[in-house]
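The values are calculated or read from the model by the stated rules, or taken from the named source; none is laboratory data. All figures in this text were calculated on a predicted structure; none of them were measured in a lab. For neighbour counting, all protein chains shown are included, and Cβ atoms are generated from backbone atoms with ideal geometry for every residue, glycine included. Side chains are part of the model used for accessible areas, which takes the heavy atoms of the whole protein and leaves out ligands, DNA and RNA. Shrake-Rupley method; radii C 1.70, N 1.55, O 1.52, S 1.80 Å.
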Amino acid sequence: MKNKLVRYGLSTSIILILIVASYHVMAQTASVACERWNSFGTVTIPDPGSVGFTGLGVDAGDSFSVTFSLATGTSSATVSLDIPNGNPVAQRTFTSGTVTLSYTNTSNGTLSIAAVNSAGSNGDVVASNFICTSPSIDGSGNNTNNATHVERGFTDGRINHRDAAAPIVIYSYVDTSGRGFDIYHADGRFAYRATADDLANAPLYDSANDIRISTVAGGGYQITAPQYNGKTYVMQVDAPFAHIGYTSYEQD
């Protein structure tokens with residue numbers, strides 16, 4: 001059995017473009033790294049501690065910034081942006097007010113970055129205004145630099161957001177039991193729902209659509225479905241959550 005591994009996308013030999021129903025709108029957007037950074041909101045970072053991500057797709061020119069303030073009871077703190085963790089590219093010590101640190105990425109590829117409250121600070125800090133901007137994206141989310149801007153994918157919340165030729169579209173489903181998966185056909189038709197309770201009993205099989213969900217050694221889930229060319233589409237993800245990164249490939 002031969003596996004053809006492609007990180008965050010299917011083989012470029014498959015050029016079928018998916019069409020989904022209007023309630024799942026497709027658009028091009030910034031890099032995965034930018035999307036994740038912009039999703040952090042306001043976070044209290046302990047002393048010491050950090051918040052960030054590792055190994056997500058990034059574009060040349062993507063600019064990351066974050067604003068730090070002292071938490072109640074904290075007299076001073078040393079904060080930084082680390083790329084990779086432990087290698088500060090911007091660092092400040094402050095005793096009042098706010099500090100904004102920024103970093104601009106210089107090349108297409110992958111990025112690890114963290115907002116850090118360093119050991120030796122005198123308490124927690126509050127990190128807010130996580131903002132990433134890309135010079136390749138205009139205010140409407142349109143790609144303005146096709147020569148250097150790598151494939152971004154869809155912004156409708158799907159987990160497999162870079163797979164333009166996938167036979168299924170996978171979303172996170174949330175109910176009182178936790179997070180599961182909502183799976184649609186590429187044309188927008190609903191296919192299968194696996195709740196958090198269902199996932200606790202994986203492996204699962206939807207015979208109507210030949211969709212399988214199984215656990216992966218070390219944690220996470222694998223979802224498979226028939227591909228248009230007779231092969232099998234395989235997607236692996238750590239948890240039912242968009243923008244956390246995934247692996248997909250075709251299997252003979």
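The table that follows gives values for the structure above.
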| item | result |
| --- | --- |
| Any hit, the stretch 186-201, residues being buried (at least 18 other Cβ atoms within 10 Å of the Cβ), acidic (Asp, Glu) and either at pLDDT 95 or above or over 12 Å from Pro240 (Cβ atoms) (or both) | no |
| Test: residue in the stretch 72-83 that is over 18 Å from the mean Cα position of the chain (by Cα) and without any contact (Cβ under 8 Å) to a residue 12 or more places away in the chain | yes |
| Thr110 being open to solvent by 30 Å² or more (accessible area, probe 1.4 Å), part of a loop (DSSP other than H, G, I, E, B) and at pLDDT below 90 | no |
| Condition met for Tyr173 (free of Cβ contacts under 8 Å to residues at least 24 places away in the same chain and either within 19 Å of the chain's Cα centre (by Cα) or not in a loop (DSSP other than H, G, I, E, B) (or both)) | no |
| Matching entry among Tyr228, Tyr205 (being aromatic (Phe, Trp, Tyr), part of a strand (DSSP E or B) and exposed (fewer than 15 other Cβ atoms within 10 Å of the Cβ)) | Tyr205 |
| Test: residue in the stretch 170-184 that is of a type in the set (D, E, K, R), within 19 Å of Gly245 (Cα to Cα) and out of contact with any Leu (no Cβ under 9 Å at 6 or more places or on another chain) | yes |
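Quick grid of which residues meet (1) more than 18 Å from Val32 (Cα to Cα); (2) polar (S, T, N, Q):
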position	(1), (2)
Thr98	yes, yes
Thr106	no, yes
Thr110	no, yes
Asp124	yes, no
